[in-house]
Amino acid sequence: MKFKQGITEKNIIVKCSADKILPFSLVFGIYIILFGTISPGGGFQGGVITASAVLLLYIGYGYSTASAAVKQEVLRVCEPLGATLYVILGLCGIVLGSVFCRNVFFNDGKIGDLVSAGNITFMGWTVGFKVLTGIGFLILLMLGLLAPEFKKTKDPDYELMVDEEDEEEGGDE
């Protein structure tokens, strides 16, 4: 088979596989987050499943595409927002005369509805958001440290380390 320069059969298979699995991973992760209070699963599990989309992008297309599609700075800023929303929902119990993280809105909704668990549902969603942003940020950060193009362009000490290695090799000769 003839391919364009730089494209091999493995690249096409990996990219096509990532393209097929990515939408299912996102939808399944969001489903687990949304329905975690009325079915097995929840915010943490759904957040990790959804964050795996970053890893699938990296496997299929490389670090530059994954970091362009999912901005590290946005994830870094949004992660504390999830924690803040969780604390605000937890304070609802104190404000309404009970304890922290008390389910005070449990009378709303019918059994089996999406919001039938009261503010526990919203707390699960905030946990999912926090885990999604936190794990997604950590994945991008770790992959960025391993990516060769990151070392060449982003690390200011890279040229210094390369120059020192060249001097050490030259001194032995």
So is SER39 surrounded by fewer than 17 Cβ atoms within 10 Å (Cβ to Cβ), modelled with pLDDT under 90 and not β-branched (Val, Ile, Thr) or not?
yes
Looking at region 86-97, which of its residues are buried (at least 17 other Cβ atoms within 10 Å of the Cβ) and aliphatic (A, V, I, L, M)?
LEU89
For a quick check of your reading: which helices (runs of 4 or more DSSP H) sit entirely within region 7-69 and have at least 1 residues that are of a type in the set (A, V, I, L, M, F, W, C) and without any contact (Cβ under 8 Å) to a residue 24 or more places away in the chain?
9-34, 63-69
Residues PHE105, PHE129, PHE100: which one is surrounded by fewer than 20 Cβ atoms within 10 Å (Cβ to Cβ), under 19 Å from ILE38 (Cβ atoms) and of a type in the set (Phe, Trp, Tyr)?
PHE105
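The values are calculated or read from the model by the stated rules, or taken from the named source; none is laboratory data. Computed from a prediction, not measured in an experiment: that's the story for all the values here. Here the Cβ is made from the backbone with ideal geometry for all residues, glycine too, and neighbour counts use every protein chain on show.
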